[in-house]
Structures are given as structure tokens and as C-alpha cells.
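**Q** Could you have a look at this structure, given as C-alpha cells, before my questions?
Computed from the coordinates by the stated procedures, all read-outs in this text should not be read as laboratory data. Computed from a predicted structure; not experimentally measured. Every residue, glycine as well, gets a Cβ built from its backbone with ideal geometry; the counts of neighbours run over all protein chains shown.
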Amino acid sequence: MRSIIDEIAQAEEKAAQLKQDANVSVRELMQQARVKAEEMSQRIDEEEREKTRQALLKAEEDGKALAAAIERQISDEAAEQCTKAEARAKDAISLLLKKVQEI
């Protein structure tokens with residue numbers, strides 16, 4: 001028959017082994033959690049970089065479209081002013097020719 005002392009010693013050994021196994025499991029889980037956290041961090045960084053790149057491309061496209069619209073507007077206004085200036089120049093030339101003919 002086993003003595004109570006042997007059973008206590010055996011229980012203590014088993015408890016020590018369980019504690020050791022638990023510590024190993026905790027270390028493994030912590031390492032896995034660190035690896036997973038690093039992977040998630042890298043994935044989030046990559047996703048944010050892509051979102052930023054897409055936002056920059058969109059902003060560039062919007063800027064080019066706005067610049068083209070402004071350029072068209074300025075060009076149209078300039079053409080209108082040139083047309084008015086040509087008409088006024090023709091009137092001025094006519095007036096000058098009329099004055100010259102009167103003299």
C-alpha cells in the first residue's frame with residue numbers, strides 16, 4: 001500500500017508538472033499572440049498605405065479635372081474678351097478712318 005506521504009509527493013510532482021506545462025502553454029500562446037498582432041499590424045499598415053495611395057490618386061485626378069475646368073473657363077473668358085476687343089478695335093479703326101477722311 002502506498003503511504004499518504006507517497007501520494008502527497010506524487011500529487012506535488014503532478015502539480016509541479018501541470019504548473020510547468022501551463023507556463024509553457026502560456027509562453028506559446030503569448031508568442032502566437034505577438035506574431036498574430038504583428039501580422040495584423042502589418043496588414044493594417046498595408047491597407048492604410050493603399051487607402052492613402054488611392055486617396056492621393058483621386059485627389060490628383062480631381063485636381064487635374066478642376067484645373068482643366070478653370071483653364072476652359074479662363075480660355076472662354078479670354079476668347080470673349082478678344083472678340084470684344086476686336087470689335088472695339090474695328091470701331092476705333094473706323095472712327096480713325098472717318099476722322100482721316102474728314103481732314
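**Q** Mind pulling the angle between the C-alpha long axis of helix 4-102 and the longest principal axis of the chain? Nearest 10 degrees, somewhere in 0 to 90.
**A** Taking Cα atoms only, the helix is inclined about 0 degrees.
**Q** Now, a different point. Please find the FRET efficiency linking K98 to E71, where r is the Cβ-Cβ separation and R0 is fixed at 30 Å, and quote it to the nearest 0.05.
**A** The calculated FRET efficiency here is 0.15.
**Q** Match the structure shown to one of the listed values (1) 148, 12, 10; (2) 38, 36, 20; (3) 35, 32, 20 of Cα extents along the principal axes in Å, computed from it, and give that label.
**A** (1)
**Q** Between R27 and T52, 0.36 nm times their residue separation minus their Cα-Cα distance comes to what?
**A** Here the segment from R27 to T52 would lengthen by 5.3 nm.
**Q** K90: net charge of surrounding residues, Cβ under 13 Å, Lys/Arg +1, Asp/Glu -1, itself excluded?
**A** So the environment of K90 carries a net charge of +1.
**Q** Now a separate question. In the chain, what is the count of Lys pairs whose alpha carbons are under 25 Å apart, counting only pairs at least 8 residues apart or on separate chains?
**A** 6
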